[in-house]
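Each value in this text was obtained by applying a stated rule to the coordinates, not by laboratory testing. All of these numbers come straight from a predicted model, not from anything done at the bench. Please note: Cβ atoms are built from the backbone with ideal geometry, for glycine as well, and neighbour counts cover all protein chains shown.
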Amino acid sequence: MNEFLFIGIPYLAVAVCVIGTIVRFRGDRFSITSHSTQFIENRWLFWGSNSWHWGILLILAAHVAPMIAPGWWQSLLGEPTRLYILEVTGYGIAFLAAFGLGVLILRRLLSESLLALTSRADWLLLVVLAFQVATGIWVAVAYRWGGAWYPDAAVPWLRSLVTLQPDIAAIAAMPWPVQLHAVSGFALLVLLPYTRLIHAITYPVAYLWRPYQLVLWNRRAGRTHEPAPSARQATAARPAARAQLDERS
Ligand code: HEM
């Protein structure tokens, strides 16, 4: 059973993630986006999305850092005051992420337009993320000083998976809530190619050099059934946007 949980599931999840992402990229490249809903509702999104993304990205960094630089991590936490500060900061960041995710979920539940736009895959992703954050907070609170034990409990197992020499001794000895949190994290890899979570691997890369986007609202034409003005007419009053259009044509 342990082999299935700590070797089978991780490799299966990585395979589904890699193959699914390649298939989606080759077959449906333009669907690879976060499917922003900012134009439907912005105020809740600001608080939810910022809190969530800052929180989750810092937490992910703290999960990855001991894998990449175990010596640096151990020396960082070698002193009790620093360990204490990291523990408290970790709680703060985890609650920031939980708050943000809560706002994002409520936002979709409370707005009729957003509810109509939310697919089953969106709900599944939000529920799995909520489960993962909840089990993470549970583990952090129930088994204190995670920054100190995580490098010995999970890092050897994760590194052994990466080097294709699986060694599950460390993770198999951990309490079951820790094991649950570790294994359910791989569900997110399975969901990645089939949900909007795909943006997590594309956004940071593509944002650096993607072309400038010009979004035009044409409310007047919608109301009066007039023909939509061309992009050139619509930007006539905005010299910067106009200059960009001229440059491209
Ligand atoms: C640097 C990395 C990332 C960037 C730049 C980024 C950016 C974005 C953007 C622009 C949106 C759309 C917000 C909107 O306008 O509706 C979004 C939504 C979302 N992101 Fe990320 N993201 C990143 C990483 C992640 C990660 C690592 C996760 C989860 C582990 C995640 C989970 C989500 C979820 C669940 C939504 C949908 C929120 C909703 O509309 O309900 N993102 N992200």
| message | Once you order the gyration tensor axes a ≥ b ≥ c over the Cα atoms, which shape class does the stretch 84-193 get: rounded for a/c under 1.5, otherwise prolate or oblate by comparing a/b with b/c? | response | oblate
| remark: Quotient of Cα radius of gyration and Kirkwood radius for the stretch 57-104, i.e. Rg/Rh, equals 1.06
| task | Among Thr118, Thr163, rank each residue by its count of other Cβ atoms within 10 Å, from fewest to most, as a rough exposure measure. | result | Thr163, Thr118
| field | Ranking of Ser34, Ser119 by count of other Cβ atoms within 10 Å, fewest first | value | Ser119, Ser34
| Tell me, Phe30, Phe99 in order of fewest to most beta-carbon neighbours within 10 Å? | Phe30, Phe99
| query | How about the stretch 111-200: which trypsin sites (Lys or Arg not before Pro) there are in a DSSP loop, with at most 12 other Cβ atoms within 10 Å of their Cβ? | reply | Arg144
| remark: Semi-axes of the stretch 2-206 from the Cα gyration tensor (sqrt of 5 times each eigenvalue, largest first, whole Å) come to 30, 22, 15
| query | Given 5 Å bins starting at zero, what is the percent of C-alpha pairs of the stretch 11-88 in each, up to the one with the largest pair distance? | reply | 3, 11, 11, 13, 15, 15, 14, 10, 7, 2, 0
| Whole-Hz ³J(HN,Hα) from phi, Karplus 6.51 cos²θ - 1.76 cosθ + 1.60, for the stretch 36-42, glycine and proline x | 3, 10, 4, 6, 8, 8, 10
